[in-house]
There are 2 protein chains.
Amino acid sequence: MGERHESHLDHVFNALCDPTRRAILARLTDADARVTDIAGDFPISLNSISKHIRMLERAGLLRRSIVGRDHMLSLNAGPLSEAQAWIENYRRFWEGRLAALDAYVTRKNRNRR
Amino acid sequence: MGERHESHLDHVFNALCDPTRRAILARLTDADARVTDIAGDFPISLNSISKHIRMLERAGLLRRSIVGRDHMLSLNAGPLSEAQAWIENYRRFWEGRLAALDAYVTRKNRNRR
DNA sequence: GTGACGTTCACCCATATGGGTGAATATAGG
DNA sequence: CCTATATTCACCCATATGGGTGAACGTCAC
């Protein structure tokens, strides 16, 4: 229960969990496309693709412009910067650890000599 | 069905979906900790924390060293680089789009004058 | 208007998740 | 040996996901 609050970052990471959704984003790097166009590239049903697209939209990674009966989709990579910033924080931590290990090994070698 | 294959990247992004798990990683940036220590920082049960930790382990983001009855956990940010690399690809795409838009606006302004 | 096309809606099903509880297991320490 | 502590295991429950199907809705094209 409880009002899971559902931050935007949750949605972004959640959208990236699924390989099909990542592939959809990759597909849209190439060119904008309709829902049916995208569905044609995958072995699953049009309806399932439609649901994946809705989740990508929820994360803000897709823009949809409806023209007539066609829904044109385009990539909107902007929200990824939020996720990237989060990860970047830990990359620095990680590099710090590696640097510390490196310093340790160097020190040890120096003492050995 | 299916044999979902479950690539490593899936697990990493999946681990990052949940705010509690992200908070656990943040907690471990500060210092290594036991399962119980971590559970003390959250309003949910020890068992739930244990499950979150198992998922972080599955993603390779945690290391566990069992000493006696204590399980010492330490952050292992290494696998994040894979996720970061994936995102980085799209950031470059996105910046390319912005640059193109910028060039377009600049060109338009020049023509206006 | 009528039929074909593009998307979504409303369901069904199996599995995973996030939370809980109580019991089992394993080790530390008298 | 016995007890307290640290974790996990085995469940229960509600909800979300990922897949499917068939029907509805909207729009184009004749």
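Any read-out appearing in this document is the output of simple, stated calculations on the displayed coordinates, not a laboratory observation. Computed from a predicted model, the values in this text were never measured in an experiment. Cβ atoms come from the backbone with ideal geometry, glycine included; neighbour counts cover every protein chain shown.
Values for this structure:
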read-out: Exam field: residue B:78 pseudo-label spacings to other copies (7 Å along Cα-Cβ), nanometres; value: 3.8
read-out: Residue-averaged beta-carbon neighbours from other chains (10 angstrom radius) around B:72-79; value: 3
read-out: Simple label model, 7 Å out from Cα along Cβ direction - residue B:65 to residue A:64, nm; value: 5.1 nm
read-out: Exercise: per-residue mean of other protein chain Cβ atoms within 10 Å, B:29-35; value: 1
read-out: Sparsely packed trypsin sites (Lys or Arg not before Pro) within segment A:56-92, loop by DSSP, other Cβ within 10 Å at most 14; value: A:69
read-out: Rounded FRET efficiency, nearest 0.05, which uses the C-beta distance separating residue A:7 from residue B:47 and R0 of 25 Å; value: 0.55
read-out: Built amide H within the under 5 Å cut-off of residue A:77, gap 5+; value: none
read-out: In Hz, Karplus ³J(HN,Hα) per residue of segment B:35-47 (6.51, -1.76, 1.60; θ = phi - 60°; x = Gly, Pro); value: 4, 5, 4, 5, 4, x, 8, 10, x, 9, 5, 4, 4
read-out: Proxy reagent accessibility, fewest Cβ within 10 Å first, across B:80, A:46, A:62; value: A:46, A:62, B:80
